[in-house]
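These notes are about the structure you will find just below.
The values are calculated or read from the model by the stated rules, or taken from the named source; none is laboratory data. Owing to the predicted nature of the structure, the values given are computational and were not obtained by experimental measurement. Glycine also receives a Cβ, built like all others from the backbone with ideal geometry; neighbour counts cover every protein chain displayed. Protein only, heavy atoms only, side chains kept; ligands, DNA and RNA dropped before computing areas. Shrake-Rupley method; radii C 1.70, N 1.55, O 1.52, S 1.80 Å.
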Amino acid sequence: MKSKIGGLFKTVACAAAVSCAAFSFTSAAEAETLRVGTEATYAPFEFAADDGSLTGFDVELIRAIGKEAGYDDVQVINMPFDGLIPAIMTSQIDVIIAAMTITPERAERVDFTDPYYTSGLSVLIREDTASKYPNIDALKGQTLCAQIGSTGAFTAEKLSPGKVKAFNTEPEAFMELKAGGCEGVVNDRPINLYFLSQSNASDGVTEINEVLTAEKYGIAVRKGNTELLEKLNTGLKNARENGTYDQIYQKWFKLAPKD
Ligand code: ARG
């Protein structure tokens with residue numbers, strides 16, 4: 001009975017649509033696939049594995065939540081960090097998970113789920129400048145590096161107005177620091193710590209032992225998409241309760257240090 005009504009509706013709707021085949025195909029596909037945007041140069045939250053597939057804490061978490069919410073397919077799409085909110089506003093994606101901090105400015109443009117991770121900013125410097133910069137205050141007014149559109153970039157701008165070099169990706173900011181093009185990288189602490197412990201590219205780099213901000217990450221949906229927001233919040237709650245969240249957390253945040 002239900003499908004008959006659905007079929008009748010489709011026939012009526014198709015009479016007005018330009019192409020009936022395209023019309024029904026698109027709506028069916030959209031019902032099953034959750035389109036997720038991220039910026040995947042941000043280990044251990046989202047990055048490309050050796051085989052090119054996207055992985056990390058966020059990627060595994062959204063796959064678990066999506067499955068929990070009944071989506072057959074969770075498609076994770078890599079795009080520039082400052083392009084994520086525009087992409088969700090124009091419906092190119094349904095969800096953002098990108099270690100994205102919940103801020104009042106962003107909350108005017110998208111809706112956030114309950115927080116899923118507590119974070120904060122710290123600053124990386126070159127080891128050979130450690131005595132010059134014993135604390136973050138000493139870095140004020142120096143050239144700083146950060147990722148475009150990130151809370152790190154906003155904070156760097158406050159520390160050194162007009163003297164911030166912003167890059168599309170965090171690895172580029174790290175490289176610039178090593179090359180002497182800036183004196184510090186302002187970035188989320190868990191990513192800084194992962195970089196220091198897991199990558200030989202961080203040789204000669206150290207962290208100023210100070211946390212600048214308290215930030216919480218949220219998963220974003222299009223403003224007003226309460227149906228999806230509720231599904232994600234329920235999925236997140238279930239993942240916390242049934243141990244999935246802990247399992248993914250252990251995998252990505254309790255790693256052996258580099259040799
Ligand atoms: N938490 C910071 C922010 O929201 C940085 C996030 C960067 N994320 C990424 N996938 N590159 O601005």
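For this structure, a couple of remarks:
- Going through (1) in contact with a helix residue (DSSP H, G or I) (Cβ under 9 Å, 6 or more places away or on another chain); (2) under 26 Å from residue 224 (Cβ atoms); (3) open to solvent by 30 Å² or more (accessible area, probe 1.4 Å); (4) modelled with pLDDT of 95 or more one by one, residue 74 falls short only on (3).
- Note on the range 164-198: among residues that are among the polar types (S, T, N, Q) and open to solvent by less than 50 Å² (accessible area, probe 1.4 Å), the one that is farthest from the ligand (Cβ to nearest atom) is 197.
- Close pairs from the range 213-240: first closer than 15 Å to residue 93 by Cβ, partner basic (Lys, Arg) and part of a loop (DSSP other than H, G, I, E, B), Cβ under 7 Å, at least 6 apart: 223/109
- Listed conditions (1) under 23 Å from residue 252 (Cα atoms); (2) away from the ligand (no atom under 16 Å from the Cβ); (3) at pLDDT 95 or above are all met by residue 201, apart from (3).
- Long-range neighbours under 6 Å by Cβ, at least six apart or interchain, first residue under 20 Å from residue 80 (Cα atoms) and modelled with pLDDT of 95 or more within the range 137-150, second in a helix (DSSP H, G or I) and open to solvent by 30 Å² or more (accessible area, probe 1.4 Å): 145/176; 148/82; 149/82
- When 129, 113 are screened for being at pLDDT 95 or above and within 16 Å of the ligand (Cβ to nearest atom), only 113 passes.
- Within the range 62-81, being away from the ligand (no atom under 14 Å from the Cβ), outside any helix (DSSP H, G or I) and in contact with a strand residue (DSSP E or B) (Cβ under 6 Å, 6 or more places away or on another chain) holds for 71, 73, 74, 75.
- The residues in the range 37-56 that are outside any strand (DSSP E or B) and more than 10 Å from the ligand (Cβ to nearest atom) can be counted, and the count is 6.
- Within this structure, residue 212 fails the test of being more than 16 Å from the ligand (Cβ to nearest atom), of a type outside the set (D, E, K, R) and open to solvent by 30 Å² or more (accessible area, probe 1.4 Å).
- Within the range 132-152, the set of residues being within 16 Å of the ligand (Cβ to nearest atom), open to solvent by less than 10 Å² (accessible area, probe 1.4 Å) and of a type in the set (A, V, I, L, M, F, W, C) comprises 144, 145, 146.
- Sole residue being within 21 Å of residue 228 (Cβ to Cβ) and open to solvent by 30 Å² or more (accessible area, probe 1.4 Å), chosen from 100, 79: 79
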